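The structure appears below as structure tokens.
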């Protein structure tokens with residue numbers, strides 16, 4: 001089993017100011033924990049992510065939105081994009097490389113060079129809609145990778161699996177009318193961005209969970225809703241919006257998942273990918289704001305992808 005780990009130094013330079021939860025220390029905490037895991041460090045194929053091209057980005061986003069973000073990039077200080085999201089002088093480079101990580105991971109997995117891949121990037125992406133950046137997100141990394149799989153590698157169907165605590169409204173906005181893409185998700189409801197409940201369809205399998213829901217509720221949703229939907233759709237590749245803010249210790253929401261739940265769902269998705277699409281999985285970091293819980297959860301997720309038992 002070969003797992004690629006993709007990241008870029010610019011993802012550490014995007015900074016939205018003191019006390020913002022979507023901070024560079026998220027990646028630092030993950031890298032620090034990886035450095036202490038000798039077996040996983042040896043097992044991974046590490047790559048520096050390239051920058052996504054305009055063509056790759058514009059498969060998911062309106063050109064006017066991309067132009068607007070390029071114009072908004074400040075020479076100094078911060079430029080506010082929405083109440084929760086801002087750009088600093090390094091953000092534009094970071095979002096290009098975060099999207100590029102998803103593209104390069106897709107190339108590696110689609111070509112068979114690796115079995116699967118994890119993109120340790122920020123800012124996250126799943127709230128970024130076709131024509132609007134919002135909710136800490138500027139470019140939708142998973143959507144850009146999924147469209148690259150469809151348009152460049154010739155796959156007929158792909159699935160996006162989103163277990164972030166917030167609904168991936170941006171991913172749904174981009175793919176709502178695209179019959180080539182299925183999205184399955186769980187999220188706390190009601191909670192920002194207060195969407196997902198009305199958008200359910202055969203290809204948008206959104207499963208809201210109430211505040212306080214734990215791993216039993218999450219696992220039931222996966223078994224009852226996700227796995228049958230994936231089996232029916234039979235994707236050629238699976239993309240994961242890997243948000244870890246549904247963890248019990250995360251301060252921005254009120255679900256109660258634990259590391260064992262992330263290990264379990266990764267194993268179930270790998271089983272599905274094994275029978276449906278030759279094991280092809282690309283996972284991209286989304287949320288997760290308790291640094292200890294985030295780093296532990298990422299490690300169990302990537303260990304499982306790499307075929308290693310939990311540490």
Worksheet entry | Counted residues, segment 46-61 - those being free of Cβ contacts under 8 Å to residues at least 60 places away in the same chain and either farther than 24 Å from residue 116 by Cβ or crowded, with 19+ Cβ neighbours inside 10 Å (or both) | 4
Worksheet entry | Qualifying positions in segment 278-292 - crowded, with 22+ Cβ neighbours inside 10 Å and farther than 23 Å from residue 155 by Cβ | 287, 288, 289
Item to complete: Scan (1) free of Cβ contacts under 8 Å to residues at least 40 places away in the same chain; (2) surrounded by fewer than 17 Cβ atoms within 10 Å (Cβ to Cβ); (3) assigned to a helix (DSSP H, G or I) for the single condition residue 64 breaks and write down its number.
Response: (1)
Worksheet item: Restricted to segment 44-61, and to residues that are part of a loop (DSSP other than H, G, I, E, B) and in contact with a helix residue (DSSP H, G or I) (Cβ under 6 Å, 6 or more places away or on another chain), which residue is farthest from residue 120 (Cα to Cα)?
Response: 59
Worksheet item: Taking segment 17-43, which residues are assigned to a loop (DSSP other than H, G, I, E, B) and more than 15 Å from residue 288 (Cα to Cα)?
Response: 17, 18, 36, 37
Discussion item. So residue 92 ticks every box in (1) without any contact (Cβ under 8 Å) to a residue 40 or more places away in the chain; (2) closer than 30 Å to residue 155 by Cβ; (3) surrounded by fewer than 17 Cβ atoms within 10 Å (Cβ to Cβ) but one. Which box is left unticked?
Written reply: (3)
Practice prompt. Determine whether segment 170-183 contains at least one residue that is more than 26 Å from residue 55 (Cα to Cα) and in a loop (DSSP other than H, G, I, E, B).
Written response: no
Practice prompt. Could you list, in sequence order, all residues of segment 98-118 that are assigned to a helix (DSSP H, G or I) and surrounded by 23 or more Cβ atoms within 10 Å (Cβ to Cβ)?
Written response: 98, 99, 100, 101, 102, 103, 104, 105, 106, 109
Fill in: helices (runs of 4 or more DSSP H) contained entirely in segment 200-311, each with at least 3 residues that are over 18 Å from residue 187 (Cβ atoms) and in contact with a helix residue (DSSP H, G or I) (Cβ under 8 Å, 6 or more places away or on another chain)
259-276, 291-305
Worksheet entry | Conditions (1) more than 15 Å from the chain's Cα centre (by Cα); (2) over 23 Å from residue 288 (Cα atoms); (3) crowded, with 24+ Cβ neighbours inside 10 Å: number failed by residue 133 | (2)
Worksheet item: Quick one: would you say residue 43 is surrounded by fewer than 19 Cβ atoms within 10 Å (Cβ to Cβ), touching a residue at least 24 places away in the same chain (Cβ under 8 Å), under 16 Å from residue 310 (Cα atoms) and touching a strand residue (DSSP E or B) at 6+ places or on another chain (Cβ under 9 Å)?
Response: yes
Worksheet item: Considering only residues of segment 17-33 that are in contact with a strand residue (DSSP E or B) (Cβ under 9 Å, 6 or more places away or on another chain) and surrounded by 20 or more Cβ atoms within 10 Å (Cβ to Cβ), which is farthest from residue 85 (Cα to Cα)?
Response: 30
Worksheet item: Looking at segment 71-82, is at least one residue part of a loop (DSSP other than H, G, I, E, B), touching a residue at least 40 places away in the same chain (Cβ under 8 Å) and surrounded by fewer than 20 Cβ atoms within 10 Å (Cβ to Cβ)?
Response: yes
Worksheet item: If you take the residues in segment 1-16 that are in a loop (DSSP other than H, G, I, E, B) and touching a strand residue (DSSP E or B) at 6+ places or on another chain (Cβ under 7 Å), which one is surrounded by the most Cβ atoms within 10 Å (Cβ to Cβ)?
Response: 8
Discussion item. Condition check: more than 23 Å from residue 290 (Cβ to Cβ) and at pLDDT 95 or above. Does residue 2 satisfy that?
Written reply: yes
Discussion item. Of the residues 224, 216, 248, 200, only one is surrounded by fewer than 20 Cβ atoms within 10 Å (Cβ to Cβ), without any contact (Cβ under 8 Å) to a residue 24 or more places away in the chain and touching a strand residue (DSSP E or B) at 6+ places or on another chain (Cβ under 6 Å); which?
Written reply: 200
Discussion item. What's the total number of residues in segment 136-168 that are part of a helix (DSSP H, G or I) and buried (at least 24 other Cβ atoms within 10 Å of the Cβ)?
Written reply: 9
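The values are calculated or read from the model by the stated rules, or taken from the named source; none is laboratory data. Every value quoted in this text rests on a predicted model; they were computed, and no experiment measured them. Glycine also receives a Cβ, built like all others from the backbone with ideal geometry; neighbour counts cover every protein chain displayed.
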